[in-house]
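First up is the structure itself, then whatever we jot down about it.
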Amino acid sequence: MGNSYIGNAATFLVEWTFGLYALIVMLRFLFQIFRADFYNPVSQAIVRLTNPPLLVLRRFVPSALGLDTPSIVLIFGLKGIELWLRFTLGGGSTSVAGLAVLTLGEVLAMSVNIFLFAIIIQVVISWINPGVNNPITSLLHSLTEPLLRPVRRLLPPAGGLDFSPMLAMVGLILVTMLVVAPIRDQGKLMMMASVAGVM
């Protein structure tokens with residue numbers, strides 16, 4: 001019984017450590033794509049936190065197609081290691097293919113969740129303190145506006161109310177249900193199949 005408590009604690013630490021750092025790297029990648037203010041204090045903090053491994057990776061992984069490829073590699077590497085450690089600590093075995101598919105699903109889920117939470121936080125701030133301008137709201141606007149702008153063209157504000165955040169969140173949830181969930185489920189099935197094959 002004691003071992004299960006230790007295993008649960010170790011799994012929690014793995015998920016928290018690798019998951020949080022992968023989230024920070026993902027935010028850096030998204031801020032770069034959407035050209036958020038590089039000199040924003042939050043952006044600078046993220047850059048400082050993520051520079052050490054990225055500076056090493058950039059020696060071996062060049063940027064491609066205008067994307068920060070080292071950041072992508074680091075995100076997938078962190079999530080892959082996290083999943084591998086979770087399965088290992090749980091006493092399971094992993095297959096490379098299953099781990100790769102599940103990692104893809106987890107990375108996609110994380111990116112969708114970032115947009116969902118960014119929109120929710122922005123909506124709540126607009127209710128509580130409309131018109132406020134600080135480093136966080138500036139970054140939230142940079143992140144969500146490229147998504148909300150085309151939605152706003154389809155559904156313009158009516159009666160002073162902007163329904164684009166609601167429609168965008170519905171779209172993101174549908175992406176989770178129809179795209180992300182099948183990929184994650186397929187990865188889990190492949191992992192279970194590998195366990196069954198070992199047994």
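No lab work stands behind these numbers, since they all come straight from the coordinates. The structure displayed is predicted, hence computed values, not measured ones. Don't worry about glycine lacking a Cβ; one is built from the backbone with ideal geometry, like all the others, and counts go over all protein chains shown.
Key figures
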quantity	calculated
Whether the stretch 1-152 is rounded, prolate or oblate, judged on the alpha carbon gyration tensor where a/c under 1.5 counts as rounded	prolate
FRET efficiency for Leu49 and Asn133, using Cβ-Cβ distance with R0 set to 30 Å, rounded to 0.05	0.80
Euclidean distance between Cα centres, the stretch 110-143 to the stretch 78-101, Å	33
Most positive-pole-ward Cα, Ala181, Ala10, Thr50, against dipole of the chain from beta carbon charges	Thr50
Cβ charges +1 (Lys, Arg) and -1 (Asp, Glu), total dipole of the chain, debye	280
The stretch 107-116 - phi-based ³J(HN,Hα) in whole Hz, Karplus 6.51/-1.76/1.60, Gly and Pro as x	5, 5, 4, 5, 5, 5, 5, 4, 5, 4
Separation in nanometres of the label points that stand 7 Å from Cα toward Cβ, at Ile121 and Arg153	2.8
Projected label distance in nm at Asp37 and Trp16, using a 7 Å step from Cα toward the beta-carbon	3.2
